[in-house]
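Student: Have a look at the structure that comes next, please.
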């Protein structure tokens, strides 16, 4: 929890408090009326929808004009500004924006932040439900920055400029906007804070989340990047996370590049050394060690994202491993009091720490950088033994993971997060193997079999994670991307190389059925799930047709999609209601999720022909394969002209 302040008002008193005609309330805090206007009025940019947008072939990796304009404006603003005036003290030196207009705009945007009591509710939601996955923030340091911001924010009233604001806090309100925007996606409609600001509906939460994220991005244009800070790096990553969840992965990749360059300016890629002071106390030494751990974890996150986007999404590497000298972070929980905790000696919950998934992701990312650097993930690579070598290394990492606990209740927070992290590790590891072997599937049977097994393992872990997390996580990139990626490979490859009826064939049928069901449930709020659902339906319809050499259909099990007794894969928390409707209970009105499920049974998309079939397999094994290009080429809407 954030440290309590004496002046903080409870949520129940906010409606009354923000009706008061008090100059301070009108100058800085965000009013309930402003919240209602943000929720009830549509976004200024009519091209941004409140519900998942059709990707039009971009599969979550499209550049939208508003972000391009934002980055252009940011560059122009930075070039027009003279050198920043700051003291030599990098911690408390003040930064003065060169333009009075920029100062006023900065203050105007800051005034639109929600009041403290509302912000705290959203922050607690983010750290309770989302930060275990994103791994961008460390609660201890964020709480320190938040307390400092709350101290300095009232002092801005009456000042004509920002000279009173410490330099290291300049980017904080922008970061806060992004955290609030992401947190809003995890808020349940029955939470008191959702009712207070009237965002009980999905559309209302989506609109306000979009608006908050845009405000944070706009603030960064007035802050500039001449004097980077860790908060600025975190802002770019949080904004990128929001964009990925919104199906805008290409824009997210551009933000990742910005975050990496800011971090390199700060020297986060270079291992620092403790201050050589004989009078340094034990407490200060421990504080330094843990802060160094924190910055190493932040760089590891940047490195991991870079590797993932290069190997999985077909993007070039942005980081050279040779330029990095940091030691790997420790696999341990971060202490609540670093100055009183021996470095690396924190207790873990269960069999591994809450950081284990990010630690594992970084280890796999290092292998990913090596694979991309030598080109072992490209077809026709000259030495197949190198492919086997990387397979064995990552397989060994996965074999060292502790066993997975089953039957975890969501109210058991520690074990719940630990189990979710474990499943995340399995998904990351098997995704590496899938992308390693994908390009060699046409020429090496061993790679094809390894990739099929990796895809099956991904979909199995995705199913378990889907059941565990519930519908609050439906918009997350993690639940959609890996399912679509593995599902496409599995559907196309097993159509190209039909498997005899057996255990693997049956596993494939069940895995693809469950994948389509999951994507259908998520498609109302997840743009990538919506696009992936369309292409997988077409793949499965095609895969059941005889091929030109009269091979038997790959499967006859997909007729189960139209059977009443098909098992639901909804999370247990809402599975009962869904099943009641699907089994024909006339006493209940179908929900949006029920309607999505009915849509799952629609397999009326145009059939593929033999040329489509050849092109699909060639596409998924091509050196430049990207999911967005594949979906754009093969997910034509029904009845579209061919």
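Quick note: the coordinates plus some simple rules give every number you see, no bench work behind them. Since the model is a prediction, treat every value here as computed from it, not as a measurement. Every residue, glycine as well, gets a Cβ built from its backbone with ideal geometry; the counts of neighbours run over all protein chains shown.
Student: If each residue of separation counts as 0.36 nm, what is the full-extension length gain between residue 403 and residue 285 once their alpha-carbon separation is subtracted? Write down the numbers at each step before the final one.
Tutor: On the way: separation 118, 0.36 × 118 = 42.48 nm, distance 3.63 nm.
My answer for the length gained is 38.8 nm.
Student: Just to be sure I understand the model, the point goes 7 Å from the Cα along the line to the Cβ. What's the resulting residue 148 to residue 443 distance in nm?
Tutor: 5.4
Student: Note down the nm distance, to one decimal, between modelled labels 7 Å out along Cα→Cβ at residue 317 and at residue 139.
Tutor: For residue 317 paired with residue 139, the spin-label model returns 3.6 nm.
Student: Could I ask something else about it? Mind ranking 320-329, 293-302 by how tightly packed they are, going by the mean number of other C-beta atoms within 10 angstrom, highest first? Spell out each step's value before the answer.
Tutor: Working: 320-329: 12.5, 293-302: 22.1.
Highest mean packing first, the order is 293-302, 320-329.
Student: Also, quick follow-up: What distance in nm separates the simple spin-label points at residue 506 and residue 203, each placed 7 Å from Cα in the Cβ direction?
Tutor: 4.6
Student: Quick one: compute a quarter of the convex hull surface over the Cα atoms of segment 140-219 and quote it in nm². Mind showing how you got there, number by number?
Tutor: Working: hull surface 25.2 nm².
Over all viewing directions, segment 140-219 projects a mean Cα-hull area of 6.3 nm².
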